[in-house]
Amino acid sequence: MASAYPVHLVLVGPPGAGKGTQAVMLERELGLKQISSGDLFRENLKNQTELGKLAKTYIDQGELVPDNVTIAMVEERIQRADCATGVIFDGFPRTLEQARALDEMLVLQGSVIGLAPALVASDVIVSDRLTGRRVCRDCGAVYHIVYNLPKVEDVCDVCGGELYQRSDDLPETVCNRLYVYYKQTSPLIGYYFARNLLVRIDADQPIETVKQTMLDAVKAVIRK
Ligand code: ADP
Ligand code: AMP
C-alpha cells in the first residue's frame, strides 16, 4: 500500500516488546525501510569500527550510547536513497533529546512522523522474550526458543546462519535495560501522545495478531 509522501513510523516500547519483529514484517508489507539503531551499532561492532568499540562499552552494561553519537549515526543513515519512501524507526529515538533531533532531521527533509505505535507488554513478558531471544549471526533475523522457533534448531531460516544469544539478553543485563527504559525512554510515550501520534498496541498477543493490529493502525494513517 503506497503513499504519495514518505511515511515515517516510530516504534516505541521496552526492549523485548517485539519492535524489531514487527518492523521487519511491516517493512515487507508497506515498502518502508526498517532502521534499527541497535542493528547499526552491532554492525559497527562486527566491523570493529571506532563507533562499534565505543558502543560496546554501553551495550554490554545495558546503558544507552550517548545521544550525540547515536543521533549522528541515524542522521547519516536516513540520508540514503533506500529511506526515500519512509522509515520504520526501531529502537530510535530512546531519549527526549533523540526524539527532538529526529523531528528536526525530518523537518529538514520536508517530512514528519506519521505515527508512533507503542507496543505495550508487561515486564514479565518482555523479560521472558529477551532471555529466550536468539539472533542470526549473519543476517540478524530474530527468533525465540519458545514463541518463534526456527525450522532447524539454531539455524537461521532466512540465510542458514548460526543463531546466538546476545550477551545483553542475559538476565543480569536485561534487568538494567528495563530500568533504563523506564528512566530514559518511557517519557517518549508522553512526547508522542502530546503530538497526537501515539497509538497503543497490545503487544502481549501472538506475533501475527500484533502485526494485524499494527497494519490496521498504520494503514489508517496512510489513507489520510
Ligand atoms: P525488540 O525489538 O522490541 O527488542 P524483538 O522483536 O527482538 O523485540 O522480540 C523479542 C523476542 O520476543 C524475540 O525473541 C521475538 O522472537 C519474540 N517476540 C516478538 N514478538 C512476540 C510476540 N508477539 N509473542 C511472542 N514472542 C514475540
Ligand atoms: P536494541 O537492539 O534496540 O535492543 O539495542 C541494543 C543496545 O544498543 C541498547 O541497549 C543500547 O545500548 C544501544 N542502543 C540502541 N539504540 C539506541 C539509541 N537509540 N540510543 C542509545 N543507545 C542505543
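Coordinate-derived values only; no laboratory data. All values derive from a computational prediction rather than experimental measurement. Virtual Cβ from ideal backbone geometry, glycine too; neighbours counted across all protein chains shown.
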Share of Cα-Cα pairs in the chain lying beyond 30 Å, as whole percent: 18
With springs connecting C-alpha atoms under 10 Å apart, model the chain as a Gaussian network and identify which of 81, 55, 99 has the largest mean-square fluctuation. 81
Using a 10 Å cut-off around each Cβ, can you sort 172, 104 from fewest to most neighbouring Cβ atoms? 172, 104
Label points 7 Å out from Cα along the Cβ direction at residue 182 and residue 105: separation in nm? 2.9
With equal scatterers on the alpha carbons only and no solvent term, can you work out the Debye log10 of I(q)/I(0) for region 103-224 at 0.14, 0.20 1/Å? -0.82, -1.20
Extending each Cα 7 Å along its Cβ direction at residue 208 and residue 153, get the distance between those two points in nm, one decimal. 2.6
Taking loop as defined by DSSP and a crowding limit of 10 other beta carbons within 10 Å, which trypsin sites (Lys or Arg not before Pro) in region 65-170 fit? 80, 151
Fewest-first ordering of 128, 157, 90 by Cβ atoms within 10 Å yields 157, 128, 90
Considering only the chain, what is the antiparallel percent among its DSSP beta bridges, to the nearest 5? 35
So what are region 17-73's ellipsoid semi-axes, whole angstrom, largest first, if each one is the square root of 5 times an eigenvalue of the alpha-carbon gyration tensor? 24, 12, 10
Among all lysine pairs in the chain that are eight or more places apart or on different chains, how many have alpha carbons less than 23 angstrom apart? 16
